[in-house]
């Protein structure tokens, strides 16, 4: 289900980009400059491209919300640490040190057999 919604979402994004780029420019960035009938004046007549843009934008928002809901359901109540099964280290604790005897070489009094050396 998530893959289907994601593919539809990507197709809508590409369609929205194409429709916006195909629309006629009204001159001047953000309605600055240009003639008297730009974006600053009253509501312009709704063209077919404008209606398609609104429909694609609404569908894009719906798929975005749907993907958010699906992702939230998948991760309900679990964190990365829970998934790893690890417990976080306690603060203000020093790491455990090995015993001093384990760092020393074996003593000759051990009952380990000695290999004779040839002189």
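Values for this structure:
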| read-out | value |
| --- | --- |
| Residue match in segment 5-23 (condition: surrounded by fewer than 13 Cβ atoms within 10 Å (Cβ to Cβ), modelled with pLDDT of 60 or more and over 30 Å from residue 67 (Cα atoms)) | no |
| Single residue of 28, 35 found to be farther than 25 Å from residue 4 by Cα, modelled with pLDDT under 65 and loosely packed, with under 13 Cβ neighbours inside 10 Å | 35 |
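The values are calculated or read from the model by the stated rules, or taken from the named source; none is laboratory data. Note that this is a predicted model, so its numbers are computed, not measured. Virtual Cβ from ideal backbone geometry, glycine too; neighbours counted across all protein chains shown.
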